[in-house]
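The values are calculated or read from the model by the stated rules, or taken from the named source; none is laboratory data. Source: prediction; values computed, not measured. With ideal geometry, Cβ positions are generated from the backbone for all residues, glycine too; neighbour counts draw on all protein chains shown. Accessible surface is based on the protein model in full, side chains and every heavy atom, while ligands, DNA and RNA are left aside. Shrake-Rupley method; radii C 1.70, N 1.55, O 1.52, S 1.80 Å.
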Amino acid sequence: IKTQLKAYLEKLVAPIELVASLDDSAASTEMRGLLEDIASASDKVSLLENGVDARKPSFTVGKVGEPARIAFAGLPMGHEFTSLILALLQASGYAPKLEAEVIEQIRGIQGTNGQPLRFETYISLSCHNCPEVVQALNTLAALNPHIQNVMIDGALFQDEVNARQIMAVPSVYLNGELFGNGRMELGEI
């Protein structure tokens, strides 16, 4: 995996930083290891462990000098590892494989009442449809400063899953309200 990761990170366009919010849990230790591996694979990746997100463990991915708009609460492994790789690349400015017209439509999306569109995407690491939704929303966030997305591993944040009575994944919330369940196409967003 480290060899593959290094090959992907050679495609980074601009420097990115990973900002981790960690505690003393085993999941945080595992996340720190993953993030250290990513940072050591490219001189265009820096790792900061001074994150203040309430969800721990979590981390953001952003271009250096810009506010991060993509976050992962939990370890994006298994089916979500591709979501992580694409987030790293796209946050750096690597162009997604979309038609120019679609990219311009995404860039034209405005927030609500001057506020960004904040997506929370609850997933299960065993879900086959979840990565497509996470990747679509991460692409929106990478291309538009008015959009943010956080992937949330429901197994690690069970209190949130219970409080929101989430019964299926992916479950997407927009600005705190249920937006959709199940697989969504980028054109539906």
Legend entry - aspartates and glutamates whose Cα lies under 18 Å from that of K97, excluding same-chain neighbours fewer than 8 positions away: E10, E132, E185, E188
Legend entry - Of A155, A73, A39, the one that fluctuates the most in a GNM where the chain has Cα springs shorter than 10 Å: A155
Legend entry - Cα→Cβ-extended label distance, 7 Å offset, between S40 and Q4, nm: 1.9
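For the chain, report the convex hull volume of the alpha-carbon atoms normalised per residue, in Å³, without decimals.
Values: hull volume 22.2 nm³, N = 189.
That works out to 118 Å³ per residue.
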Legend entry - Label-point gap, in nm, between M77 and D159 - each point 7 angstrom along Cα→Cβ: 2.4
Legend entry - Amide H partners (placed H, <5 Å) of L117, local residues excluded: T112, I147, Q148
Legend entry - Set of lysines with alpha-carbon distance to K6 below 16 Å, sequence-local pairs under 8 removed: K44
Legend entry - Placed amide H near L47: partners under 5 Å, 5+ positions off or other chain: L18
Inset, instruction - Within region 126-164, which residues have the backbone N less than 20 Å from the label spot 7 Å out from V13 along Cα→beta-carbon, could you tell me? - result: 135-149
Legend entry - Relative packing of 128-134, 25-31, 146-152, 93-99, which averages over residues the other C-beta atoms within 10 Å, highest first: 146-152, 128-134, 25-31, 93-99
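Contour minus end-to-end for A54 and D24, with contour as 0.36 nm per residue of separation and end-to-end as the Cα-Cα distance? The partial results should precede the final answer.
Numbers: separation 30, 0.36 × 30 = 10.80 nm, distance 1.38 nm.
Here the answer is 9.4 nm.
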Legend entry - Solvent-accessible area, 1.4 Å probe, carbon plus sulfur percent, for the chain: 51
Inset, instruction - Determine the distance separating the Cα centre of region 9-69 from the Cα centre of region 162-181; give it in Å without decimals. - result: 25
Inset, instruction - Have a look at L22, L178, L125 and tell me which one the Gaussian network model of the chain (Cα, springs below 10 Å) gives the largest fluctuation. - result: L178
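With a length cut of 24 Å (Cα positions projected on each helix's long axis) and a Kyte-Doolittle mean of at least -1.0, go through the chain and give me the DSSP H helices that pass. Don't jump to the answer; show the numbers that get you there.
Values: long enough: none.
Taking the DSSP H segments of the chain (at least 24 Å long, mean hydropathy at least -1.0), we get none.
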